[in-house]
Amino acid sequence: MASPISVFRKGANALITGGASGVGLAVAKLCASHGMNLILVDNNTSKLDEAKSMLSSTKAGNVDTHSMDVASLSDWNKLKSNVESLDFLHLNAGIGPKGDWTNNEVFHQIMDVNLFGVINGINTFFPYFENNTSGTQKAIIVTGSKQGITNPPGNPAYNASKSAVKTITEHLSFDLAKSSPKTSVHLLVPGWTFTGLTAGGAKEKPAGAWAPEQVADYLYKKMGEGKFYAICPDNDVQFEEDRKRMMWTMGDVVFERMPQSRWRDEYKEEAAKTMGQMKLGAKQAE
């Protein structure tokens with residue numbers, strides 16, 4: 001059976017949302033290095049123009065750009081009319097504004113982009129990937145977040161959107177594994193990555209953060225290993241620590257603790273001690 005990374009091939013068509021900057025642009029560069037045709041989607045027209053200019057000077061095939069709102073299904077339908085075939089779909093666009101419990105608008109903004117931006121993309125292009133039993137490898141990548149797994153306090157709307165994205169992508173993987181064995185599905189979960197979403201006005205990458213290109217390279221590595229989850233470490237938090245945090249979080253349900261116990265005063269000491277003693281088996285090679 002061919003490796004999922006065989007989707008990275010000259011002449012294959014890749015569509016990437018949030019593709020004008022950050023992780024989306026880094027994955028576009030990865031695709032370009034293999035001679036793929038690129039369809040970049042973003043709501044920032046000037047950034048799209050910059051990305052097209054830069055990528056057109058690489059090994060990429062055709063580079064097309066579309067300025068659109070991923071929350072708009074009608075925009076997706078217009079985009080579909082311009083896409084004849086598709087081999088690689090990366091649903092990456094996301095936002096992270098914060099609001100309080102009375103700010104309904106922020107909840108809608110985040111859900112419309114982070115969750116329905118993914119659902120709209122799947123609804124629109126699912127026919128391009130289902131029943132793929134030919135010899136041609138295809139792939140769907142969805143960008144999630146560690147916050148959708150460990151659920152830290154501070155931004156419930158964002159966490160909920162990324163938790164839902166994780167669930168949707170897991171179901172997509174299960175269903176396509178049966179109907180379309182030549183289509184692989186992957187959940188990309190960046191660690192601390194220096195992008196426009198996370199920079200907070202900083203001009204230089206902090207030492208603890210990864211560059212977006214490192215995230216793209218890690219995705220390629222995990223796809224090459226046939227993994228669904230690409231849980232990226234960063235320069236501050238390694239994979240082993242991520243595993244322990246995820247295990248503790250799931251323990252809130254299993255052991256009937258209060259939710260988000262890791263951040264509650266009555267559990268902090270126990271959490272630190274337990275995670276320090278966890279033995280999780282063979283460590284993933286980095």
Those residues of the range 252-271 which are in a helix (DSSP H, G or I), surrounded by 15 or more Cβ atoms within 10 Å (Cβ to Cβ) and free of Cβ contacts under 8 Å to residues at least 12 places away in the same chain, in sequence order: Asp252, Tyr267
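Okay, residues lined up against (1) in contact with a helix residue (DSSP H, G or I) (Cβ under 7 Å, 6 or more places away or on another chain); (2) not in a loop (DSSP other than H, G, I, E, B):
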residue	(1), (2)
Ala2	no, no
Ile5	yes, yes
Arg9	no, no
Ile16	yes, yes
Gly24	no, yes
Cys31	no, yes
So which of Thr183, Thr150 ends up being in contact with a helix residue (DSSP H, G or I) (Cβ under 6 Å, 6 or more places away or on another chain), more than 24 Å from Met111 (Cα to Cα) and of a type in the set (Val, Ile, Thr)? Thr183
Checking the condition exposed (fewer than 15 other Cβ atoms within 10 Å of the Cβ), in the same structural domain as Lys222 (by TED's automatic domain parsing), closer than 29 Å to Glu204 by Cα and not aliphatic (A, V, I, L, M), which residue from Ser56, Ser74 passes? Ser56
Being under 15 Å from the mean Cα position of the chain (by Cα) and among the β-branched types (Val, Ile, Thr) is the filter here; which residues of the range 210-258 pass it? Val215, Ile231
Check the range 113-134 and report whether any residue there is under 25 Å from Met246 (Cα atoms), assigned to a strand (DSSP E or B) and under 16 Å from the mean Cα position of the chain (by Cα). no
Looking at (1) over 26 Å from Lys47 (Cα atoms); (2) without any contact (Cβ under 8 Å) to a residue 12 or more places away in the chain, find the lone condition where Glu130 falls short. (2)
Among the residues of the range 141-150, is there at least one that is surrounded by 19 or more Cβ atoms within 10 Å (Cβ to Cβ) and over 30 Å from Lys244 (Cα atoms)? no
Within the range 160-180, track down each residue that is under 22 Å from Gln109 (Cβ atoms) and either crowded, with 21+ Cβ neighbours inside 10 Å or β-branched (Val, Ile, Thr) (or both). Ser161, Lys162, Val165, Thr167, Ile168, Thr169
For the subset of the range 92-115 comprising residues that are crowded, with 19+ Cβ neighbours inside 10 Å and touching a Leu at 6+ places or on another chain (Cβ under 9 Å), which member is nearest to Gly196 (Cα to Cα)? Gly94
I want to confirm something. Restricting to the range 89-112 and keeping residues that are touching a Phe, Trp or Tyr at 6+ places or on another chain (Cβ under 8 Å) and either outside the structural domain of Thr167 (by TED's automatic domain parsing) or outside any loop (DSSP other than H, G, I, E, B) (or both), which single residue is nearest to Leu40 (Cα to Cα)? Leu89
Restricted to the range 181-233, and to residues that are part of a helix (DSSP H, G or I) and among the aliphatic types (A, V, I, L, M), which residue is surrounded by the fewest Cβ atoms within 10 Å (Cβ to Cβ)? Met223
Complete set of residues in the range 33-62 that are assigned to a helix (DSSP H, G or I) and basic (Lys, Arg): Lys47, Lys52
Residue count for the range 77-112, restricted to those that are more than 19 Å from the chain's Cα centre (by Cα) and closer than 26 Å to Gln147 by Cβ: 11
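The values are calculated or read from the model by the stated rules, or taken from the named source; none is laboratory data. All values derive from a computational prediction rather than experimental measurement. Neighbour counts are summed over all protein chains in view; Cβ atoms, including those assigned to glycine, are modelled from backbone coordinates with ideal geometry.
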